[in-house]
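Bear in mind these aren't lab numbers, they're just calculated from the coordinates by the rules spelled out. All values reported here derive from a predicted model rather than from experimental measurement. Ideal geometry is used to build each Cβ from the backbone, glycine not excepted, and the neighbour counts take in all protein chains shown.
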Amino acid sequence: MSTRRQRDLHRHLFGNSRGRRGRSSKANPQNHKLERNSTSYSHAVRDEVVKIDLHNHGIHQAKKRIKEECKYAEKNQTIQFCHGFNSGTQIRDFIRNGQLQQSLDSLNIEGNIWAKDLGNTYFNRT
């Protein structure tokens with residue numbers, strides 16, 4: 001009787017599968033792919049590059065700053081957003097996964113967004 005009681009107590013404290021499975025099959029393996037740079041003019045770095053460092057910004061501050069920089073960018077400028085790539089990828093995902101493009105479309109701002117490396121994303125106004 002005491003072994004069953006111990007087993008029930010152990011199950012209560014640590015859950016049913018504690019120690020039975022190695023790693024969960026629901027793990028999120030991160031597979032970030034780097035977009036290749038196109039040779040078109042719209043994806044070329046222009047004469048004037050404005051570098052915006054977003055490392056010290058929260059997600060809401062960064063979104064606001066990114067939209068403002070894109071809004072006031074000139075046609076001969078390339079804006080380089082430095083967001084990093086190791087931890088805290090929300091800003092990078094906002095820029096690259098289409099949310100920024102949707103925001104710019106709603107503001108009637110036309111431009112191209114592309115990435116040359118993992119930690120930076122570029123914007124050219126068209």
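Out of segment 74-87, which residues are small (G, A, S) and surrounded by 13 or more Cβ atoms within 10 Å (Cβ to Cβ)? Walk me through it before giving the result.
Filtering segment 74-87 for residues small (G, A, S) gives 84, 87.
Answer for segment 74-87, where residues must be small (G, A, S) and surrounded by 13 or more Cβ atoms within 10 Å (Cβ to Cβ): just G84.
Which of the residues that make up segment 68-117 are aliphatic (A, V, I, L, M), in contact (Cβ under 8 Å) with a residue 40 or more places away in the chain and within 14 Å of H55 (Cβ to Cβ)?
none
Within segment 48-76, the set of residues being within 18 Å of N112 (Cβ to Cβ) and of a type in the set (A, V, I, L, M) comprises V49, V50, I52, I66, A73.
Could you tell me whether K71 is among the basic types (K, R) and either exposed (fewer than 15 other Cβ atoms within 10 Å of the Cβ) or more than 17 Å from the chain's Cα centre (by Cα) (or both)? Yes.
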